[in-house]
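Working notes, beginning with the structure itself.
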Amino acid sequence: MFDARAFILTMQAERVRVQIDGNDLMLSGNRSAIAAHLPEIRAHKAELIACLTQATNDEPTPPPLATALRAEVEAWMDAAGETDPETRREILTSYGFDPGFRYPDSGRRACRQCANLEADGGCRAARRGQIPLTSKFYTHPDGIDALHRCIGYRPGLDDHDPMTLRRTAS
Ligand code: SF4
């Protein structure tokens, strides 16, 4: 039996974004994956739309206490429409986060904080040729947790100071 949720997760893993647009499906991202899955998408369009509609209507569930990232907790509060600053502080505290914490602003960031870090550990900016004098397969030599300044840096979900300066890779 066709499992719409599992199919959508597979598509997302292949970097395909699946959204609903009125009564239709909207696909973007990895074109070859879209083309490969197109017959199945067409055959199960109604189930896929129903699955996405249900996901939209469902109450957002809080991230698990033991493993939640701060960004996940904040995304959950946003999705749940929680805007009261005091309540947000209390929720962050209950998860063990310091609500007032900010990364020390030396201008250095880790690849793990960067929106250009791909799921496979590679750098999207390098693959696009946006980091001068590096190969398309560039990854920071000291690893994704090493602080450095990078011209390709884009603040990711866990960077709470998106005013980060962009400087040359070092
Ligand atoms: S753009 Fe720079 S900081 Fe971001 S993942 Fe690539 S090397 Fe790391």
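The values are calculated or read from the model by the stated rules, or taken from the named source; none is laboratory data. Every value quoted in this text rests on a predicted model; they were computed, and no experiment measured them. Neighbour counts run over all protein chains shown; Cβ positions are idealised from the backbone, glycine included.
The condition of being surrounded by fewer than 16 Cβ atoms within 10 Å (Cβ to Cβ), more than 28 Å from Arg112 (Cβ to Cβ) and among the polar types (S, T, N, Q) holds for only one of Thr87, Thr61, Thr67, that being Thr87.
Could you check the stretch 15-30 and list, in sequence order, the residues that are closer than 18 Å to Ala43 by Cβ and surrounded by 12 or more Cβ atoms within 10 Å (Cβ to Cβ)? So that I can check it myself, show each step before the final result.
Here is the first cut: in the stretch 15-30, the residues closer than 18 Å to Ala43 by Cβ are 16, 18, 20, 23-27.
Val16, Val18, Ile20, Leu25, Leu27, listed by residue number.
Residues that are touching a helix residue (DSSP H, G or I) at 6+ places or on another chain (Cβ under 6 Å) and within 10 Å of the ligand (Cβ to nearest atom) within the stretch 144-158 comprise Ile144, Gly152, Gly156, listed in sequence order.
Residues are listed down the side, and each one gets a yes or a no for (1) within 30 Å of Pro99 (Cβ to Cβ); (2) modelled with pLDDT under 80:
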{"position": "Ala13", "(1), (2)": "no, yes"}
{"position": "Leu27", "(1), (2)": "no, no"}
{"position": "Ala35", "(1), (2)": "no, no"}
{"position": "Arg42", "(1), (2)": "no, no"}
{"position": "Glu47", "(1), (2)": "no, no"}
{"position": "Thr61", "(1), (2)": "yes, yes"}
{"position": "Ala66", "(1), (2)": "yes, yes"}
{"position": "Ala71", "(1), (2)": "yes, yes"}
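Close contacts from the stretch 114-133, counting a first residue that is under 14 Å from Tyr153 (Cβ atoms) and in a loop (DSSP other than H, G, I, E, B) and a second that is within 8 Å of the ligand (Cβ to nearest atom) and β-branched (Val, Ile, Thr), with Cβ to Cβ under 7 Å and a gap of 6+ residues or different chains, come to Ile131/Ile151.
Evaluating Gly100 against the criteria (1) out of contact with any strand residue (DSSP E or B) (no Cβ under 9 Å at 6 or more places or on another chain); (2) surrounded by 11 or more Cβ atoms within 10 Å (Cβ to Cβ); (3) not charged (D, E, K, R) leaves one unmet condition, (2).
Restricted to the stretch 73-114, and to residues there that are of a type in the set (Gly, Ala, Ser) and on the phi < 0 side of the Ramachandran plot, the residue that is modelled with the lowest pLDDT is Ser106. Taking the conditions (1) within 16 Å of the ligand (Cβ to nearest atom); (2) surrounded by 11 or more Cβ atoms within 10 Å (Cβ to Cβ) in turn, Pro141 satisfies each one other than (2).
Per-residue answers, yes or no, for (1) touching a residue at least 12 places away in the same chain (Cβ under 8 Å); (2) of a type in the set (A, V, I, L, M, F, W, C):
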position	(1), (2)
Asp3	no, no
Ile8	yes, yes
Glu14	yes, no
Ile20	yes, yes
Asn23	yes, no
Ala35	no, yes
His44	yes, no
Ala79	yes, yes
Glu86	no, no
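Taking the stretch 1-107 and the helices (runs of 4 or more DSSP H) fully enclosed by it, the elements with 2 or more residues that are touching a Leu at 6+ places or on another chain (Cβ under 9 Å) are at 4-13, 31-43, 45-57, 70-79.
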